[in-house]
Structure formats: structure tokens, C-alpha cells
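Data block below; observations after.
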């Protein structure tokens, strides 16, 4: 099994190495002629007004919160999924199904809650 | 692969070398072959093919100069980008700016570890294969956020934000659709999932029951969104955000983002094929029995064609549809796809209690439905093609 | 084979680094990140013991730790945003009021 | 020292360096990125300890989800340059850290767990084993975890409610 | 505690981000700039900044002869050059009392309506592209290419025509060109349906347009919207019908107005839909003109040293982007004393700030596209 995962490591290293080598080759071949104008931030041809690093209003950070919860939920169900067929065969399937159903159901309440609270709306309807 | 290397070692092919070194060389070789003989040309040819397919759909010609039919266009593009000046804006966070392409590329390349090419052609059949794919593709988000933030450019930031929100949101429906199949297959290994299906379409998980049928479309839609493809290409929406999170990138660094994007199309197709479309399963013909080589080729071709079909579909969709708005995208995910995917999940799980006969009847019925949908679809396409008027003066040649 | 002790010492070091982060940084987000680091150090211990005892319990506990960590991150960051909304600051020293 | 140990020391060294980065980086985004690296390394360590399932979930949940949330919030609040540093605290913190590490190491290494790991079966650490444990000994925590997560959603929604 | 209570009222304020959309932006339709203040992605203010494409066309008018100025008017709106030609020539003719031959009038209408087709094709095509649909754009440009070929046959130019001259048109339309034009119309009318199937009926497209940037009837009048933008708001006003000129009174055509059958009346979809239907109407007009085309000279005799009587006039025509007016003063000399151009795109700029409040960045692009503003016409 460790052998299999070593492959992953090799791929990781190779991926990094591939990008690195290409950039290195590029460095030898490509021109380097930096100029202040060239290195300025692109803002449609006008000098940029201020930095982009401001308190940026990410309206969907709540969505990100909900996402984490669901991601964890999926992570929990994944191992269960692998043994479920065996459980059915041994007659414990229904019980397991109920357990999963409760688990998913409880979390689904969370989605319903935030939906009802209007937090899945990106922008509150703008009056026109 | 380990077994094969062990065999070689036993045979005395690498006398005097420690086992680990042999393993390392073997793995590096395999990874290098996959990267240089499969992934790189694949991504390149996909980029060329996309432009060609697109051009034909738009009654244009498309790139046709470099090599026969322009098939080497990607090499020319690669060399061009290699020779382009690498510009890192002064205002940018230099470290993260240069690091981002590495992470995106790494996340994409790592998926190929578990993608099967044939019955025995797989780099490593991890026992957690499909979960592993979900995990490494989620790493891409970090790279994109990094690129968007480090550029210190407003368009990049907006693009990075949009992209991250989109990818994480659509990971839920994609994950749940995958989960459906894991329930049916009882394993996370890619080869195991394929072995759970048969060569015949009615043995595919796609037609297993109505829920998996819906799940396939959920998965494909979510995967398109995760791959930032039209109609979900809002992170790099060129008409809104100039180029989104890659606005400030140039030359080779820029190329790597798109390398990953085009290569990722194949990953989407390959995962869909593995999960729903029977993978590399070929009919048990007599000629395959005594020729393992032929069998491997047939499996490779079967898998590749099935996977590439979805790459083509993605291109087709890109040529056809406009793009949605951010809030529409998010509400599509959270209000429709997430609830629907959970319903499908529970439905699939409940369906597993149906006795085997019932399951077989359902698969047959679903297969019939699938055929009917395909026929209707192609009739519709035929109608549109017949309606499309030929050009008056302007005739694109080739 | 790598001895169990190595892993334990490593996780002790990581845990200590996390504690230092919590103590010295005046930025709530980094404090939260240091807590994640500490949780990870603990996870590492669990997994190391699970391996050497040959029992899955340690791994299952790590599972639950992850769930708790996710919940902690969600609530923690929601609180951070809430605090920032009122105080325009991420300094934990600003959080002296029980209610506002 | 064999190959496995060399690998371990490399990983451990990288992990310690990235952990230090998390704590001592001035730039919060850099800190977060270092934390991503640290989590990734921890996941690799899990793999070496026969826990592939947990390792992959570590990447999926931590690096893919929790860290994205952290990054979102960092970009949301943009706390760069907000922090004031106090030298006194630093000395105190470093001292406390050293003391803690000094105290923890003997405690941990004095346990009576077998020093040599039980030889793992092929399935150990795989999803099936994990599910079996989850469904037999840990059913109640499993369900309670869902309630915990539900509470987390509700809490987050309530806390985030007062948006302008 | 007072302080915190105050905080609670104002809530948590994220900083507004000031982004400059344009001049070098893919979808500002030329070099046009908007200084946009956004809160996240929601726009709180979008100030148009014009003048990047100013070429002093009006001032040049004072330095060249009456005949010599016609090519310059092409450049006022190069997507619809024919209309500026026509309106300037009409002004000169009105001042000098020059008659226009009947064949000349019909040639003018044919050329203008073909030009309207070309201009609207660009408009709806790029509009689709702004929303991310690339194929309709290329299809539209493909058709426009054919129109350009026809234009080349008519007047030898594909973009800046200099076709309409004082007293008529520069070149007569040949009979074989007439056949080709009607062939093209036979081909083109089904293309509009195809275009509708491809783009207009698309669910995503409709979702993106419906209810976005709604212009009420009052606003449309207050902000002086003209052309399809005005008609999109449900006001039936068309210079061709209401202040008739040329041979339009003899022709039969509908004036499409916004119906609000999808979304609200006066939203982006209505403006788009008006343009699509105008494509069909223009086809109808060209067909009629081809049928009615009389024999005779294409241009009346006009003195080479054209010197209209002193005086002033304001003439307007219905250009693709609405009411295009030329205010011309003559002091009786060989040169116009003053030329002033009034264009639809420029007036449309004023309403953008009002409409863009509270919509998203992606919708701003929709808004600009649906108003069909055109940088050369704005700046002149």
C-alpha cells in the first residue's frame, strides 16, 4: 500500500519539477526587459486606484461555512458507503440505512435553516 | 506495478540494486511516461481540438497551419509561451504569485495517479481512489485563490473569489454523486468500481436506477463547474473580468493554468466514465482470450473514447451556451443541485434493498429510457442542422 | 521502521509551536490557525498510537476531531467576523465585553 | 538509520519549518499557505502510519475546505498590518513553548504503548475498517457529530445574520 | 457602549472597491471607461468617462467643403456610417434646397437599411458575446460579412461608405446587385430564426437579461433615450414614422416596441428583442424598396462649388442607435460654419449610472451591451 502512495508522492514531485524545469528553461530563453510601466498592475489601461487588498465583501462566506459542514458530512459517509452492501447482505442494512438517514437528515436541517433564513441568497433582491 | 517490479527483481534484472531504488526508478519512469506521453499531448491536443471544433461550429476554420490540420498548434503555442517574457507585477506578492501555478498544476497532475487507462494499466490502484481524486482536485482551489489574491489586481481577486466559491460549492453535488456509486460498488478503488459494472450499457451504473441516471447529470454539471467551464466559466469570464484570476499571468505561468484546465477536462470525462459508464469494460470476445496485448489495447481505446466523448460534449456546450451570473450559479448549486443530489443519494441507497430481479428490470427500463433520450436528442440536433442555412458567399474551406 | 517515539516527539513539538502561536500572536485568525495546528499535532499522536496498538479506535477519534475542527473553524471564524464587525480589530485583547 | 527514517526526518523537518512559518509569518495569507503545507505534510505522515483514509480526508477536509474558509475570511477582513507586536510577549511565548515541549515529550514517550508497531493487515486503515469501527463502537458519536455540525451551521448563520 | 451601539447601526462595512472598467476592457465596445465602485460584486456607482475616442469630427466640419465633409461623417459612427452620410446630406440639401432624385432616395433607403442590418447584427452578436455566448457572435458577423460584400458592390467600401452624396447617392445600384441583395434577404430571414433558436430562446440568456436594468417610460423620456432603447421601454417613437423623411412614408413596416413579455417592460431583454425584430423589419423595407426602385438618375445635378444659402437647420434620422441629428449652420460660404452632431449613444451614457446601482458587475456588461453604446458615436 505504501508503494501505491509513494506513486502519489512521485507524481507530486514530478508535477512540481515539470513546472519548475519549464520555468527554468524559459528563464534561459525568454527576454527579461522589465520596465515600470510593464510591471504595473493591469486595470484596463488606467493607473490603478489603490490596492486590491481591501476588505473585500465576499458575500458568500456563509456559503463557505455551510460547505465545510457538508464536506465533513460527505467525509463521514464515504467509509460507511463501502461497507453498506455487506451490511445489507448480513441483514443489518435497514438499521444502517436508518442511521445514515438520521445523519443526513439532521444536517439537511442545517441547509433548510440557512435557506429559510435567506442566507443562500447572494444579494437580497434589488428593487429596480 | 509493484508486482511487475518484484517479478523483475526476482528475475535478477537489477542485481545489486536496493529494492527501494528500483521502486523509485520504476515509479519515476511511470510518472514520466504518463506525463510526457499522455497528459501533456492530451492537454495540448485538447486545446487544439477545442479550437477546431469550436471553429467548425462557428463556421470558421480554426488553427490549421502547424502540422497536418494544425494538430501541432499546441506545440507552437507552448514554445511561444516559453519564449514570452515573464512579468510579475511590482505590486504583486511575488512568492505566492509564482507559487500558484505549481499548486494548480500539481493538484491536476496528481489525479492521474488513480485514473485507469485499461484493465491493468493504472499507475496505482489506491484503495481510496475516488476519494483521493476529490481531495487533490480540492487542492486546486488553494492555488486559484492564491493566484487571485497574490496578483493584487482587482479583476484577479474577483476571479479568484468567484472561482473558489464555485469550486467549493459544486464539490458537494459532485461528492454526493460519487457517493452514490460508492454505495453501489462498495469500494473506493477506481478499478473496483469499474469491475462492479459490465461491458453492456445496461450493466453500467448509469442505468442502474433512476437516481444514478440523474446522478450522472448532476456529476457532469458539477464537474463542469469545478473545471471552470462554460456555462460556469465565470472565474475567467473574459467579457466581465478580463481574464479573471490569470489576468496578471503571462508566458509559461499562464500556460500552466490552462494546461491544467484542458487536462482537467479529460479527468472529468475519465471519472464520469469510471463511475457511470463501465470504464474500460469490453465484451468478452474470443480474440481477447489469448491475446492480452490486444485486450489491453481494446480496453485503453474503449476507456479513452468514452472519456473523450465527454470532453467533446464539454466543448460543444462551451460553443453553445452563454454564461450564468454568479448568484445564479450559487443558487443553482445550493437550491437545486445539493438537495437533488441528496435525494438521489438516499434514493440509490433505498434502491439497494430492491431484490436483484427488480434491479435488473429497472436497469433494462432505464437503458431503454436512455436510448430514447439519445434518439430524441439526435433528432433534435438533426432538425437544427437541417434548419441551419448554408452560407451565401462565405464558404469556409476545409 | 520509524519508532513511535519519533512521531510523539514531533507531535509534541508541533503542539508547542501551536501553543506559542496562540500565546504570542495578536491576530485572531492566526490564533485559530495555531489551534488547528495543535489539533493536528494531537491527531498525529492518535494515528501513531493507533498504528502501534493495531487498533482502529485512534483513527476513528481523528475522524471526530476533524468534525470538531470543522465546527470550530466555522464558529470561530463566524465569531471573528462578528468581532471585527464591531471593533474593526482582530486583537483578542479587544474582546473584553461579554455582550454588546 | 534506514530509508524510512530518512523520509520521516525530511517530512518532520518540513513540518516543523512550515509550522513555524504559520506562527511567525507577518503576512496572514502566507501563514495560511504555510498551514496548508503543514496539513499536507501531516496527511503524508498519516499515510506512513497506515491511515490512508484519514490522510486523504485530512487533505479533503482540512486543506480543501477549512483552509479555503480561512482564506476567505482573511480576504474578507484583510487584516494585513493590523497587528501590533509586543516583544515582551514574544519572549514569554517562546519560553512557554519550550517549557511545554519539554514537559510533553517525556509524558508522551513514557506511555506503555508497544514501541514496535503491530504488523498491520492489508485492510488496516482502509475505509472498510474505519466504517466497521464507526458503525459498531462509535454509532452514538457518529450521530452526535451530525448534531454538532448542525449546531455549527445554525451558529454560523445566527452569528453572521447582522449583515448591513 | 454608545460607541458599540453606533457600530451596530452602521454594521460591518467592507470597503468599496474602485475599479476602472475600460478603456482597455473586452466588453466596453470600444475605448470607453467606467469608473465603477463596487461593494464585493455589487455596483454602487458607475460613472462613465468618455472622450478616449474623440477625433474632433465636428470641428473638422468647419475646415472642409460641404462635399468634402461627407467622408468625415462616416467616422462619426463607423458601424452605421450610412446614416451619418444621409443626415449630413439631408441638412445640406435642406439649406441649399437641392432636390434629391427619386431613385437616389430609394438607393439611400436600401443602403441605410442594409447598414442597419449590419449594425444591429454587430450589436446583438457582441451582446451575446458579452454574456459568454461566442457562437452567435461569429454567426452574426458571418452574416454581416455578406452585407459588407454587398456594400462593397454598391459603393466600393465595406465600413466607411461615403455613399450618400448631396443630391442623391454616389453610385447607382446595379440590377445584378439588386438580385444579389434579394438573394441575401432570402437567405438572411431564416437566419434570424436560427439566431433566435440559438441565443434568444436560451434559458440562461433569458435569465441573464430578464428584469435587469429596467428603464421605465418616464426615465426613458427624462434621460432622453432614443432608438431601440426608447422603444424597448415601450414608447412607440421612430423618426422614420413620426418625423418622416426620404421615402419612408411610402413603405410599410412595423415599429417594434418592448412588450415586457419576459421580465419587466423596459429591461435588457426588451431592448435586445426590439433589435432582433428590427432586423426583420429592415429586411421587409429593403424588399419593398427593391420592388419599387424607379428608373432615373441616382443623383441630381449639384454644383461642384456647393454654397448653400446662409442659415441653419437641424435634421435627424433614425439611425441604428436611435435619433441621429446634425445641426448645421451655413454662412453661405464653401465651408459649413458649424456642425454639431447629436447621437443616441451619448445620451444613453447618462442613464448608466442610475441603472447600474445595485446590479452586479456582470450585469453592468449586460447593461452596456443592451444599450448598444458605441464609443466612436459617443466621442465623435
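Quick notes on this one:
- Number of the condition not met by residue C:34 [criteria: (1) farther than 23 Å from residue D:148 by Cα; (2) within 7 Å of chain D (Cβ to nearest Cβ); (3) at pLDDT 85 or above]: (1)
- Checked against the criteria, residue B:319 counts as in contact with a helix residue (DSSP H, G or I) (Cβ under 7 Å, 6 or more places away or on another chain), surrounded by fewer than 24 Cβ atoms within 10 Å (Cβ to Cβ) and either not in a helix (DSSP H, G or I) or not assigned by TED's automatic domain parsing to the domain that holds residue B:47 (or both).
- Residue match in segment D:18-25 (condition: surrounded by fewer than 24 Cβ atoms within 10 Å (Cβ to Cβ), in contact with a helix residue (DSSP H, G or I) (Cβ under 6 Å, 6 or more places away or on another chain) and closer than 22 Å to residue C:84 by Cα): yes
- Count of segment E:264-274 residues which are touching a residue at least 40 places away in the same chain (Cβ under 8 Å) and either closer than 18 Å to residue E:240 by Cβ or in a helix (DSSP H, G or I) (or both): 6
- Scan segment B:241-276 for residues that are closer than 18 Å to residue A:41 by Cβ and assigned to a helix (DSSP H, G or I) and the total you get is 7.
- Only residues that are over 11 Å from the mean Cα position of the chain (by Cα), under 16 Å from residue D:11 (Cβ atoms), more than 7 Å from chain C (Cβ to nearest Cβ) and surrounded by 24 or more Cβ atoms within 10 Å (Cβ to Cβ) were counted in segment D:28-45, giving 0.
- Scan of segment B:146-180 for residues that are within 9 Å of chain A (Cβ to nearest Cβ) and under 30 Å from residue B:302 (Cβ atoms), ordered by number: B:171, B:175, B:176, B:178, B:179, B:180
- If you go through segment B:78-118 and keep only what is more than 15 Å from residue B:245 (Cβ to Cβ) and more than 10 Å from chain A (Cβ to nearest Cβ), you end up with B:80, B:94, B:95, B:115, B:116, B:117, B:118.
- Odd one out for residue E:91, checked against (1) within 19 Å of the chain's Cα centre (by Cα); (2) part of a helix (DSSP H, G or I); (3) away from chain B (no Cβ under 14 Å): (1)
- Qualifying residue in segment B:285-304 (condition: under 12 Å from the mean Cα position of the chain (by Cα) and within 20 Å of residue B:137 (Cα to Cα)): no
- Being at negative phi, at the interface with chain C (Cβ under 7 Å from one of its Cβ atoms), within 22 Å of the chain's Cα centre (by Cα) and modelled with pLDDT of 70 or more holds for only one residue in D:108, D:71, D:149, and it is D:149.
- The residues of segment E:113-158 that are assigned to a loop (DSSP other than H, G, I, E, B) and closer than 23 Å to residue E:368 by Cα, listed by number, are E:131, E:132, E:133.
- The C-beta contact set for segment A:23-52 (first residue more than 7 Å from every other protein chain (Cβ to nearest Cβ), second residue surrounded by 13 or more Cβ atoms within 10 Å (Cβ to Cβ), distance under 6 angstrom, 6+ apart or interchain) comprises A:48/A:41.
- Filtered residues of segment E:125-134 (kept if surrounded by fewer than 24 Cβ atoms within 10 Å (Cβ to Cβ) and closer than 21 Å to residue E:81 by Cα): E:126
- In segment B:250-269 there is at least one residue that is in the same structural domain as residue B:88 (by TED's automatic domain parsing), in contact with a helix residue (DSSP H, G or I) (Cβ under 9 Å, 6 or more places away or on another chain), surrounded by fewer than 24 Cβ atoms within 10 Å (Cβ to Cβ) and free of Cβ contacts under 8 Å to residues at least 60 places away in the same chain.
- Annotation: residue C:27 fulfils all but one of (1) buried (at least 22 other Cβ atoms within 10 Å of the Cβ); (2) touching a helix residue (DSSP H, G or I) at 6+ places or on another chain (Cβ under 6 Å); (3) facing chain D (nearest Cβ under 7 Å); (4) more than 19 Å from residue D:63 (Cα to Cα); the unmet one is (2).
- In a residue-by-residue description of segment B:237-244, the property of being closer than 29 Å to residue D:29 by Cα, more than 11 Å from every other protein chain (Cβ to nearest Cβ) and buried (at least 24 other Cβ atoms within 10 Å of the Cβ) applies to at least one position.
- Taken over segment E:61-85, the criterion of being part of a loop (DSSP other than H, G, I, E, B) and buried (at least 22 other Cβ atoms within 10 Å of the Cβ) is satisfied by E:61 alone.
- Of residues in segment E:34-60 being assigned to a loop (DSSP other than H, G, I, E, B) and at pLDDT 85 or above, the one farthest from residue B:158 (Cα to Cα): E:56
- When B:139, B:188 are screened for being in contact (Cβ under 8 Å) with a residue 12 or more places away in the chain, within 12 Å of chain D (Cβ to nearest Cβ), outside any helix (DSSP H, G or I) and closer than 23 Å to residue B:113 by Cβ, only B:188 passes.
- Exactly one residue among E:277, E:287, E:338, E:321 is free of Cβ contacts under 8 Å to residues at least 40 places away in the same chain and more than 30 Å from residue E:17 (Cβ to Cβ), and that residue is E:277.
- Restricting B:189, B:177, B:163 to those that are under 30 Å from residue E:38 (Cβ atoms) and in contact with a helix residue (DSSP H, G or I) (Cβ under 6 Å, 6 or more places away or on another chain) reduces the list to B:163.
Residue-by-condition table, conditions (1) more than 18 Å from the chain's Cα centre (by Cα); (2) surrounded by fewer than 23 Cβ atoms within 10 Å (Cβ to Cβ); (3) assigned to a helix (DSSP H, G or I):
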site	(1), (2), (3)
E:256	no, yes, no
E:259	yes, yes, no
E:262	yes, yes, no
E:280	no, yes, yes
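- Among the residues of segment E:167-176, at least one is part of a helix (DSSP H, G or I) and farther than 28 Å from residue B:323 by Cβ.
The values are calculated or read from the model by the stated rules, or taken from the named source; none is laboratory data. Computed from a prediction, not measured in an experiment: that's the story for all the values here. Methodologically, a virtual Cβ is constructed for each residue, glycine included, from the backbone with ideal geometry; neighbour enumeration extends over all protein chains shown.
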